[in-house]
Structures are given as structure tokens and as C-alpha cells.
Amino acid sequence: MKIRSVKLREAHKAASNGKASFCSVLWDQQASHIVTASSSESAISIHDSLLPSNNPKIIHHHREGVTALALSPNSTCLASGSMDRSVKLYKFPGGEFETNITRFTLPIRTLAFNKSGSLLAAAGEDDGIKLINTIDGSIARVLKGHKAAVTGLAFDPNSEYMASVDSFGTVIFWELQSGSIIHNLKGIAPSTGTDPSVMNVLCWSPDGEMLAVPGLRNDVVMYDRDTAEKLFSLRGDHTQPICFLSWSPNGKYMATSSLDRQILIWDVDQKLDIDRQKFDERICCMAWKPIGNALAVIDVMGKYGVWESVVPSSMKSPTEDIPKLQSRNSNGLLLFDEEDEEPSEHGNLSDLGEDSLYESEFTTRKRLRKHSTNEEILDEADSEDFSLLPKSESYKMSRRVKKYKPDNIDEGDINIATYSKLKLREAFQPGATPLQPGKKRFLCYNMLGSITTFEHDGYSHIEIDFHDTGSGPRVPSMNDHFGFTMAALNENGSVFANPCKGEKNMSTLMYRPFGSWANNSEWSMRFDGEEVKVVAVGTRWVAAFTSLNYLRIFTDGGLQKHILSLDGPVVTASGFKDELAFVTHSSTCLPSNDQMLEFRILNISNETQLLRGHLPLTPGSHLAWFGFSEEGKLSSYDSKGVLRVFTSQYGGSWVPLFSARKERKSDEKYWVVGLNTSKLFCVICKNSESYPQVTPKPILTLLNLSFPLALSDLGAEALENEFMMNNMHLTQIHGRMEEMALLGLYDTELDDEAFCIEAAQDRCILRLIASCCNGDKLVRASELVKLLSLEKSVKGAIKLVTALKLPNLAERFNAILEERLLNEAKGTMETTTLSRSNCSGSVLPNAGSSSSTLNCAVKGRSSEVTRPSSPKGPILSLSAPLFTKKLKSDGAKFNDGRTEDKQSSGVVKKGTENSGGDTNVAAADVKKAVSLSKIESTTLETNQHLNSCNSQKVKAEDVNQQAQCTRPRIRS
């Protein structure tokens, strides 16, 4: 076999005593950066993989050597662990320090992110593995079971298990839902002793079906994910134990490094090594390139390199047919506490007896298959803890009935017997769970916190918790003697209500502020013969919707301010600052069983209605969640798993931004908590559950928002989704900028944000153009190039198609560029003329209207020299320039858009120099305007001077110079 040498370069200095160090290497998601670290240095290096000769970016925050690195799956967060016993987080790829997320009492050896990046596992020589919530930095759980230093961690790609290995060679399978040990395999990996440069590692296959562990015979052993049974091993020419292993992105190949200083590349299906490489020093860490046929390696002396063409070109690429995974379990934040763990309907292994009906649902898939083939086991099930769940007989009956369930009816809280007729959706509170006798339930769960209630000895106990305990107020729990069944929460206070009860059949509304200058600021209201259905709270207001179709609005002090009659029964409501949004039934269900709903948005402080219209739902579904995003965008989620956000596009439209059908498995449901501009926050519920339990606290999952796009003939759905998301965000930002401009305001942050999104959109369009060229969709490429905002982006597109040897397309792109430059030159003249058409001043005798207009335009532009700079001036970018140009400096922002005027004039000059015959006309107009301005400046002293100015021959270069003189001068 031909041996190819891999050139290594120094990334970190070796230890001063010449001993080996453990060094780390990893790629980012786009394969544009390589990150390295060494236990002999406190620095982390971020290398440009495209330009490896450039100096790396250095991060200095640890006091001692860095022993572990981990990068979140979306490559936005870098974690590092060190000999100084701290775990730190950084922004990536910038490297800005974010936080010290946790500390240990002994050195840290390994780190790992879960699939969503919201959970970080950290371990080392301490007793226990910490599961850390990366959003708020809280410790979700500490897993204890190892008797030696933990050297390897790996989250199951299906987000059901986590595996760990220690220096004694013990491997433990952990169940994430309960934190319990499923399998404890002692002594199956080599013992590494006390040498910190040698670490036992393990790794899940990309499809999550196998766990690879170094074996005792210089081999790699594969274990089944569910039973932990040994499947097979990879044994080749390694003469010493394996110290590192890594799967290729598609799981077809594996790279193994050994103490014998060799790397072997394996075809896993064939169980054969297909290539190898010998090194001068031991390779202690490796990482496959995510989007290419390459392997990054680093040795114990701190030298790293990239092994190109690892897999022979005659074989399948390591990035071809990468398995697409869907979460089997919630893979987000473990928000449960270690104490107070009560059995829930989701259940833990420790909560169920051996004869329990649903034991198989919480163990393994193979066990599930065994149980499903044995009806006797199902018939023996009889657990008092799960009395709410159907017994075996009803379970069989439900399977027979489910066979005839109409396809357009969504599973949920609708009983099977009512499938034939869908009733009107009952009123519900967003973020609330149904009443469960003897169990805690959520009255409210949102992005800020939660309100829970628990009935005990005839009264209820209510607790209010905030996710961010550092910023939220500490609210004492209270005894509830009213029996509240609904609540709403914001940063200022909470509102509670109950249905009609008692002898007087009265409903109660109570508001509880979190802070007030008065001692007794809590208040309550009673409703006689009127029942509260939904409550909402906002800035200085409280709203209650009642059974009489009334909307009652109160101030936060308890003043009854407004009572409005609604057009139909309320379904749900939500508040955000001054805005109240609610949904009502506009009519009965259609013959197709589809709900007819209407939404309205009111501004409470202004007493105005902002929006009103029909609320779209997926056919056969009902409304499951309704509320505002963190940025204040109205959103809805139906029982079919479609998230919609209201935007200003096309005069106001609901845009689908997420579809659970493409994300979830058949036995999973998403319980929505909230969203922001790019993520959906939800809890994944399994095993026919539609809502989470209070204990253990729900596991929050972050899902990317994406349009439900059709399958493109380019195979570039991710780029097309990014293109559409950027367009939507730009539309929203420009709308806000226009609103501020009408008020005479100017926000530099909005302007900067718009420019950044435009630049990102141009990069996305360029990648789409490349995909179009590779897919021979040249018409689509020419459509895309017209959407580029920056002139340099169009030039980049021309270079791109030229490099792809498409001369005809390059010629067309050049024509588009010239046309836009010319149109901008004309547009600048016309915009200036129109803006100064009403300016004061005398009109030349015997001069045509066009000449006088140009004269006023030139005069107006000259007057801009003395215009004062004001941050509240009009936004010049809203005049729709053909190219967006923006200069940024470290010391200052723009001065009222004058820099843009300067650049616009520069574009005119460039268009004059590079265009053809049409440009000469524009140049003549400029020359005429310049001459007219000179005439007015001398106040028409003589006709001879007028004739001399009109007859003077000016060269093209002088015209360009004079044209630039007409632009405003920018004062220093």
C-alpha cells in the first residue's frame, strides 16, 4: 500500500520537560476553521483552514493547559476545559469570551455538546459528570457512577443516551431522561493509568446504532446502542492499544490512532483497513472534515496537519449519504432538579415494576419489539401508578379503533369517539397543562418562567419560578384557597383566575405584582354569574376574557378601565408590552371539521386596534399555542405541528416558519414554549403524551426555524431557506426603519443590522448562483445576480462564473452590472432634481424647464454642504440606491448619510467612465448642470459670460472632475 506523508506544522509548543501532552483538534461545521489546544499551553488557536499559512487567532483565558475542547453543532459556541479546573464558553469563530460556565475541584479531561448545543457534559478527575445548561449556566444534573477519572463522553445522536468511559476502562450507558445507568460495562477498554496524555475515548456511529470503544486486543469493539451487546470488532495491524478513534460523517469509515504511532482508516462494513499513515509522534486526536475527504490530526508535541484524500477516490466519499436523524427524545436543556423527583407518566426505569405495562416504552427499542410480539406480557400489566393510562384490553381496542381513524384528524386531546365530529376548540391558556388529580401541573410556562400548582389537603400550593434566577425577582410561594386554574406571567407580575365555584357560583380574578411602592398592591375581582375563560397580562394592564364574551381590561393597580364585547367565544390570548392579542371563534366548524378562528391585536395604551383577520390552521387541526416571539412577532402553532408568524409581507400575511412533520418521529409531539428570530423552544413529548410533567422539570429543545420548502432540483434547500429567512428579516427591519423615519428618528443599530443581513444575503446568493451554475440553471442564476445588494458582490459573481468557464453568463452579468451603474447615475440625478424642484431662486431667461430644474438641483446639492448633522435626520438608504455601500470605522458612525452621498457620486463617475453611448448623454447633462451653476454664481453679469460658458469645450476628464465638485463636501 502506498504511503503518503502528511506534513505537520507547529500549533503549540511542547512541554518544557519534553514529555507528551494531550492535544485537541476539531473542525467547525463549514470546515473553514480548525481549532487546536494543548495541555502544555493555556492558549487556544483558531486556524483558517483555507489559508493555513496565516497566523491563527489566539484565545488566552485559561491559567493552565487546555485539556478539552468542544464545539456546538451549529459552530457558534466553543467550550474549553483546563487543568485550572474551569470550563469556559466563547463565541465562535470570533473567540470572544462569554462566561465561566462551571468549575471543578480537579482537572477536567473531556467535554461534549448534545445534538442541539443546549447541553454541555463535562467530566474529569472529579467524582461525577456535570450536565450543564448552556443557556443559563445552571447544573442540570450530576451523574455519578465511575470509580476513576472520566476521559471520554459521547451523546447519542438520537438524544436518548449518553456514554462515558474512564481510565480504568469502564463504559457506562446513561439514560438522559432519568439520569439513570442502563448498562455498566467494567474493564472492556484498556486501562490508561495516570498518564494524562493517554485517554480512553468512545464514539457513537452517526446513525446512533453502535458505540465504538477501544478494545483490549489493540482493536475497536462495536456495541449495540440498546442492549450493549458486542456486535463485532475491527482488528488490524495496530501493535499497541488504540488511543483515539473517529467516525467519518456518513459512518462508513473510521480512523483509529494507536500508541504505535499509526493511523489506520477502516471500511467499517467490510471490516478492513483501506489506508494507513505512520508518524514520528503519537497522534492523540483526530477530526474528519465535515464537508470533504480529509482528516485533521494533531500529535502529542503540538503539531497538527490535514491528511487530504483519506479515502481513495475509487470508493464512496466519507460525506456521501450522511444519515438524517430525528430526535427520539428531548435533546435540549435538562431543567430537572436532583431532588424531589416524582414518578411521572413519562416514567423512569426506577419508577416501574418488572410487570408494568409501559416498562418497554422507556427502555429500549429491541425490548419494545419483544414486548409487542408477546400479548401475554401486555395483559399482565396492572400498575396503580399509571391508572390514568389504558390497560391492556383498552390498549388493544384502541389499536383496532385507530385503524379507522380519519387521516385529517390530528391525535391530541380529542377522544376517539369524537373523531367523526370535531367540536369547537375550548378556551385554553398558552403554556398550561391539563388538570391531573394528585399531581403538579403548569398554570403557565413561557420563556420567562413558570407557575405551578399542586393540590394538597383541600387547598392548592402555587409556586412561581424564573428560568434566569439571577435577573428574575424572588417570589415567595402562596397558598391558593380559590382553586385557580389559569394564570399568566410577565416580568412585572402574575394574574390568576378560577372558574365559577362555591355556593354563589362566582369566578375570581387576582393580580399579584412582583414589586410596588405600596405595601398592599395585590388586588382581586369577583364576577357574579360570569366565568373567566382566559387571562393575559402586559405592561401596566391586565385582561380577562369571560363566558359572556366580554373582554375586561384593568390597570395594574386594579382600576376597571374598559369592557369590550367580542364577536364570538374566546379561544386564547397573550400579552406583550402594550399589545394584547387574542383569538375568537368567528363561526361554527366547516363541514370538513376545520375551525374558523379570528385574531385581533389591540394596543392598550393607545386604545387602538392594530390588526384583525382570520387565523389560518392546517386542515383537520386545532390551535395548540398562541403568543408573541421574544421580538414581539405574533405567532401560532397548530396540532399538526405548523408554526406560523405574522409578517408585513403582502400587506400582512401569516408565514409558515416550521413544520414538525419533517422533524419529529411518529411517536413524538412538540409542546411549544416560545420562539425567537431563529429558534423554536419546545418540549418533546413521547409515548402518546401531549404535554410535559412538572417533575422532573421539562427538557427544553431548541429547533431551527425553516420554511417548509419544496424539494429543489438544485438540492440546495438549506441555502434557499437561508435566502428566504434573510429576505423576511430585511423586510421587517426596513419596515421598522421606515416607521422611525416617519417620526423623524434614526437608529444606527437598525441600519447596521440591515447592512449585516444584506451582506449575509449576498453571500447566500453567491452560493446559490454557484449551485445554479453546477446544476445548469443559468436563467435562475441571472435572476439571482439581480438581487445582490453590493457592487462588489456582483463583481464576485462575475469572477465566479468566469472561473466556472461560463463566458456567456459572465457577459450577461457584466451587462447587468453596467445597466445598474448607469441607472444609478441617472437615478441620482433624478432624485436630486425632484428633491430640489421647489427650491427658491430666480429662473434664467430664455432657459427651458429642464435647465432650470437641473440648476435648482445643483444649487440644492451645493446647499447640503452647510446642512447640520443630526442623528434624527431622514434615512438616505430608504431612497433605494441600486447598490448598498457602507463605510465603517472603529471610531465613528455615519454623519447623517453624507458618506453615502459621496459614494453615490463615485458611482456616477464610474458609470460615466465605463458606459457606452448612453453614458455620454448623462455626462452631457452633468456638464450642462455644472455650467448653469457657474452662471448663477456670477448672477448673470453679462451675456458674453453666458455664451463663453456654453461654448466652452470641456474634455471628458474635466467633466468627471466637475461632476464630483457638485457633491457636498464632508467636513472633518
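Observations
- Accessible area of segment 710-750 belonging to carbon and sulfur atoms, whole % at 1.4 Å probe: 57
- The figure for Asp273 is an accessible area of roughly 40 square angstrom, using a 1.4 Å probe on the protein chains alone.
- In range of the label at Val779: residues from segment 794-809 whose backbone nitrogen is under 15 Å from the point 7 Å along Cα→Cβ: none
- Per-residue packing, averaged as other Cβ atoms within 10 Å, sorts the ranges 816-828, 49-61 into the order 816-828, 49-61, beginning with the highest.
- Gain on full stretching of the segment that runs from Ser5 to His481 - 0.36 nm per residue minus C-alpha separation: 163.6 nm
- Under the simplified labelling scheme, the Thr555-Arg540 pair shows an inter-label distance of 0.9 nm, with each label point 7 Å from Cα along Cα→Cβ.
- Share of carbon and sulfur in the accessible heavy-atom surface of segment 20-308 [1.4 Å probe, %]: 48
- Ordering Phe626, Thr453, Phe554 by the projection of their Cα atoms onto the charge dipole of segment 440-704, which places +1 on the Cβ of Lys and Arg and -1 on the Cβ of Asp and Glu, puts Phe626 at the extreme positive end.
- Taking 26 Å as the limit for the C-alpha separation, the pairs Lys440/Lys669; Lys324/Lys805; Lys130/Lys252 exceed it in the case of Lys324/Lys805; Lys130/Lys252.
- Pairwise FRET efficiency - Leu564 versus Arg736, Cβ, R0 = 35 Å, nearest 0.05: 0.75
- Inter-site label distance for Ala803 and Glu607 at 7 Å from Cα along Cβ, in nm: 6.3
- Whether segment 20-308 is rounded, prolate or oblate, judged on the alpha carbon gyration tensor where a/c under 1.5 counts as rounded: rounded
- Cβ-Cβ distance of Glu630 and Thr105, R₀ of 41 Å, FRET efficiency by 1/(1 + (r/R0)^6): the value works out to about 0.65.
- Rounded, prolate or oblate (a/c below 1.5 giving rounded, otherwise prolate when a/b exceeds b/c) for segment 659-757 by Cα gyration tensor: oblate
- For segment 535-601, the dipole from Cβ point charges (+1 on Lys and Arg, -1 on Asp and Glu) about the Cα centre works out to 240 debye, to the nearest 20.
- Of Lys786/Lys826; Lys57/Lys289; Lys640/Lys686; Lys91/Lys115; Lys316/Lys686, those spanning more than 26 Å from alpha-carbon to alpha-carbon: Lys316/Lys686
- Alpha-carbon centroids, segment 538-612 and segment 275-314: separation in whole Å: 62
- Solvent-accessible surface of segment 716-826, averaged per residue with a 1.4 angstrom probe and all protein chains in place: 50 square angstrom.
- Packing-based order for 621-629, 774-782, 16-24, using average beta carbon neighbours within 10 Å, highest first: 621-629, 16-24, 774-782
- Pairwise label distance in nanometres, Asn727 with Asn505, each label 7 Å out on the Cα-Cβ vector: 5.6
- Equivalent ellipsoid semi-axes, segment 716-826, via Cα gyration tensor eigenvalues times 5, rooted, Å: 29, 17, 10
- Only protein atoms count toward the accessible area here, which uses a 1.4 Å probe; on segment 440-704, the carbon and sulfur part of that area reaches 47 percent.
- Evaluated with a Cβ-only charge set (Lys, Arg +1; Asp, Glu -1), segment 440-704 carries a dipole of roughly 520 debye about its Cα centre, given to the nearest 20.
- FRET efficiency estimate (nearest 0.05) - Cβ-Cβ, Glu749 to Ser309, R0 41 angstrom: 0.30
- Accessible area per residue (1.4 Å probe, heavy atoms of protein chains only) ranks Phe554, Phe428 as Phe428, Phe554, with the largest value leading.
The values are calculated or read from the model by the stated rules, or taken from the named source; none is laboratory data. From a predicted model like this one, the values you see are computed outputs, not experimental measurements. FYI the Cβ positions are ideal-geometry reconstructions off the backbone, even for glycines, and counts take in every protein chain you see. Note: accessible area is taken over every heavy atom of the protein model, side chains too, but ligands, DNA and RNA are not part of it. Shrake-Rupley method; radii C 1.70, N 1.55, O 1.52, S 1.80 Å.
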